[in-house]
Each structure stands twice: as structure tokens, then as C-alpha cells.
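A short worksheet on the structure shown next.
Taken together, the values in this text are just the output of simple stated rules run on the coordinates, not laboratory data. Only a predicted model underlies this, so the values are computations on that prediction, with no experimental measurement involved. Neighbour counts are summed over all protein chains in view; Cβ atoms, including those assigned to glycine, are modelled from backbone coordinates with ideal geometry.
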Amino acid sequence: MTATDRSLELINTAAQAAADKLAHDVIAYDVSDVLSITDAFLLASAPNDRQVRAIVDEIEERLLKELGAKPVRREGDRESRWILLDYVDIVVHVQHSEERVFYALERLWKDCPELELPAEAKATRGKAAEHARLQAAEAEQEQDGEW
């Protein structure tokens, strides 16, 4: 079994929305062979809670406006560290970068086929590591300036 055309349409629209809001490391997996409850997972992350919320809001808005899809469940709003949007056909996980590293969902689903995403979404790969390097360099500069 593979992800349905509808699932792929939802995944691509959600991935593009995440990329447009500067999400990091957007990736999608076809989990239809190992899970009966959904076809695909979309994973994305952001370096702060506000951006996590903005990405989730953009995904919800685009899927509703462009495809008429509403999530049947939204979890994780309170702290905005990991928000899950369940559209039945797909499940979207938007995580704070620290949660993304800690929970390592890619490791859990690495045996599932990766889905092809729009170019802008693919271009987000490695952004979390790049952001972490920039943050470390800025912190080092600040520290050097204090001495």
C-alpha cells in the first residue's frame, strides 16, 4: 500500500506552507505500510515557540483554503514545543528544534519511504544545524566582547 493521491496533495501543500514560514528540515514519510491509521507524516521544526505556532497556523490556513481540509485533532498548543495536526490521511508534526533532536522521529520512521516534496521544502534541509552554528558563533562573539 502507498500513500493516496489525496495524502500526497495534503503533504505537498503543508510542506510548502511550512517552508514559506521558514521551517527547518521539512521531511515527509509514507507510513501507510506500517500504520493503518494514516498514510503519511510530515515533520518540520523551528528554533522558537512563536515560529512553531506560525508554521502550524500557516499549514492549517493553507490546507483549509486550498484543499478544504480541517484537522480532526490539534494537540500541543499550550507550550508550542510540539504541535500535532491530525488530518486522518496525514499527520503533521511541528516541533521546537530541541524537541526534534530529543525525540528524533526520523530515526523511528527511517525505514519508511521518504516522500518527494516541493523544492522550497527540500531547501529547508540542514537549516536547523546552520541556525545552531550561527547561534553558537554569536554567543562566542558576545562572550569575547565581554572580556
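Spin-label pair residue 70-residue 111: with each label point 7 Å from Cα along the Cα-Cβ axis, the two points sit 3.8 nm from one another.
Roughly how far apart, in whole Å, are the Cα centres of region 16-39 and region 71-147? Using only Cα atoms to place each centre, the spacing works out to 12 Å. Within the same chain, lysines fewer than 8 places from residue 65 are excluded, and of the rest, those with a Cα less than 17 Å from its Cα are 21.
For the chain, the convex hull spanned by the alpha carbon atoms encloses 112 Å³ per residue. Here the sum of -39500 (n - 2.57) over DSSP H runs of 4 or more residues, divided by the residues of the chain, equals -15000 deg cm²/dmol at 222 nm, to the nearest 500.
The value obtained for region 40-123, namely the Cα convex hull volume divided by the number of residues, is 106 Å³ per residue. When each of 83, 59 is scored by the number of other beta-carbon atoms lying within 10 Å, the sequence from fewest to most is 83, 59.
Legend: calculated FRET efficiency, residue 20 to residue 143, from the Cβ-Cβ distance at R0 = 30 Å, rounded to 0.05, equals 0.30. Cross-link reach is defined here as a Cα-Cα straight distance under 19 Å, omitting same-chain residues fewer than 8 places apart; for residue 110 the aspartates and glutamates meeting it are 25, 30, 33, 39, 99. Across the chain, the mean sequence separation of Cα contacts (distance under 8 Å, 6 or more residues apart), normalised by length, yields a relative contact order of 30 percent.
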